[in-house]
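So the structure is just underneath, and the comments pick up after that.
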Amino acid sequence: MTNPIRLSALALAATMAACTPTGGAATPTTVSETKVKLEPLFAAEQPWGMAFLSDGALLFTEKEGGLKYAVPGTGVDPKTVSGLPPALTEGQAGYLGIALDPNFDDNRLVYVSLSSGTVEANATAVVRGRLSDDNSALENVEEIFRSKTRDTAYHYGSRLAFANDGTLFVTLGEGFKYKELAQDPKELLGKIVRINPDGSIPADNPFADGVSGDPAVWSYGHRNEQGLYYDKVSGTLWETEHGPKGGDELNIITKGTNYGWPAITYGVNYDGTIISDKTEAEGMAQPETYWVPSIAPSGLTMLNSDVYPGWRGDLFVGGMNGPAGLVLVRIDLEGGKVIGKEDLLRDESLAIRDVVQGPDGFLYVASKDFDGIFKVVPEE
């Protein structure tokens, strides 16, 4: 896809007011013949992240409830998995992202990100522990990473994704009121970091020597990244992040790259005032696509099955605050480039926090609030 012509921030404000409900003026709307609906599986209170085991069982976090274990289709309610440390649960804080170790079937290691501390002093932390053989507890839990301490309970990022080389990517939001720190590679707020599974720093990180940036930093200039997916076939790291009022982005994340926030943005402040009069700048990456108005993207996955005709290889993004009831977006990819976007499940009164593919090839979504976990099934 050719990157869209960037608008000035003043023109952007007018565009936002007049934009169609689908948003994303940069990318054409795609309409496919495949239609889907939601099949409820079980209740959950503010589920945040999901990870399927190879046998079809599901581990998921709840913002305040910690880690849960469930087997879809059995009719059995989710069970609490003990062992996680306490989390701050004020505001947007809580138990957040989750990932399984690439060798989970052998070592049963689970990684969870959480907000740790108090409202006055807290940070994003990543812990790992071994899931017990009976799936009831995390054992030998240890903290492997901790971000910068701040005094806000907003914008944690907190998605986790493993790369083919075994390193772990962690998204770190800029804490809302610390947005200027996103442009400083020596700070951890507003970054994506790359660590080894034990928390040590890979020697080939872009700032590994610590001279011009924090050794853990992989990319910078981010706002609040709540979607992360690593494509094991192409080695591409995809990310979505929340803009302010407008300007949500889908990015391809590359080593040492500056993604612009808040120096460049498609969005404006919530009160309509200008954040930046620039939407492009030398040395700052352009998004693959963006949304104006915002959809509050959260959760990101790629379909690698043929369960839904014509959708294999496309990305799927959850929407938490979309216009006109927007719930799920299909990003139509061709040759690794975005060629279109399709809004799905518009009639569902639901906000989606996460979307993943299960071992059965179906998509599963987690609600933002107190609804639960759902299976996305084709309409007959």
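Readers should treat all values here as calculations from the given coordinates under stated rules, not as data from a laboratory. Keep in mind the model is a prediction, meaning the values are calculated, not measured. A quick note on method: Cβ atoms are made from the backbone with ideal geometry, for glycine too, and the neighbour counts reach across all protein chains shown.
Each of 138, 284, 57 was scored by the projection of its Cα onto the charge dipole of the chain, and the greatest displacement toward the positive side belongs to 284; charges sit on the C-beta of Lys, Arg, Asp and Glu. Taking 20 Å as the straight-line reach from the Cα of residue 191, the lysines in range (excluding those fewer than 8 positions away in the same chain) are 148, 177, 179, 255. In sequence order, segment 268-280 has phi-based couplings of 10, 4, 4, 8, x, 6, 7, 8, 8, 8, 10, 10, 8 Hz under the Karplus curve 6.51 cos²θ - 1.76 cosθ + 1.60, θ = phi - 60°, and Gly or Pro positions carry x.
The 3J(HN,Hα) values that the Karplus relation (6.51, -1.76, 1.60; θ = phi - 60°) gives for segment 157-170 are, in residue order, x, 5, 7, 10, 7, 8, 8, 4, 7, x, 7, 10, 8, 10 Hz. Gly and Pro appear as x. Annotation: lysines with alpha-carbon distance below 20 angstrom to residue 368 (same-chain offsets under eight excluded): 37, 63, 68, 79, 245.
Roughly speaking, what is the centre-to-centre gap between segment 222-288 and segment 326-380 when only Cα atoms are used, to the nearest Å? Cα centroid of segment 222-288 versus Cα centroid of segment 326-380: 21 Å apart. The calculated FRET efficiency for residue 31 paired with residue 233, based on their beta-carbon distance and R0 = 25 Å, is about 0.40. The relative contact order of segment 180-307, computed from alpha carbon pairs under 8 Å that lie at least 6 residues apart in sequence, is 23 percent.
The residues 305, 212, when put in order of fewest to most other Cβ atoms within 10 Å, stand as 212, 305.
Considering only 211, 365, 44, and ranking their Cα positions along the charge dipole of the chain that arises from unit charges at the beta-carbon of Lys, Arg, Asp and Glu, the one farthest toward the positive end is 211. Counted by neighbouring Cβ atoms within 10 Å, the residues 354, 277, 214 run from fewest to most as 277, 214, 354. Assign one of three labels to segment 125-208, namely rounded, prolate or oblate, based on the Cα gyration tensor with a ≥ b ≥ c the square roots of its eigenvalues; rounded applies when a/c is under 1.5, prolate when it is not and a/b is larger than b/c, and oblate otherwise. It is oblate, given that a/c is not under 1.5 and a/b is not larger than b/c. Between residue 255 and residue 312, the contour length at 0.36 nm per residue exceeds the alpha carbon distance by 17.8 nm. Share of Cα-Cα pairs in the chain beyond 38 Å, in percent? Every Cα pair in the chain considered, those over 38 Å come to 12 percent.
What you get for segment 203-359, charging only the Cβ of Lys and Arg (+1) and of Asp and Glu (-1), is a dipole of about 120 debye around the Cα centre. Listed from fewest to most Cβ neighbours within 10 Å, the set 89, 34, 240 follows the order 34, 89, 240.
Note on the chain: dipole from Cβ charges, positive end direction compared against 300, 258, 226; the farthest Cα belongs to 258. Placing +1 on the Cβ of every Lys and Arg and -1 on the Cβ of every Asp and Glu, with nothing else charged, gives the chain a dipole about its Cα centre of roughly 580 debye. Oblate is the label for segment 197-339, because the ratio a/c of its alpha-carbon gyration tensor axes (a ≥ b ≥ c) is 1.5 or higher and a/b is not greater than b/c.
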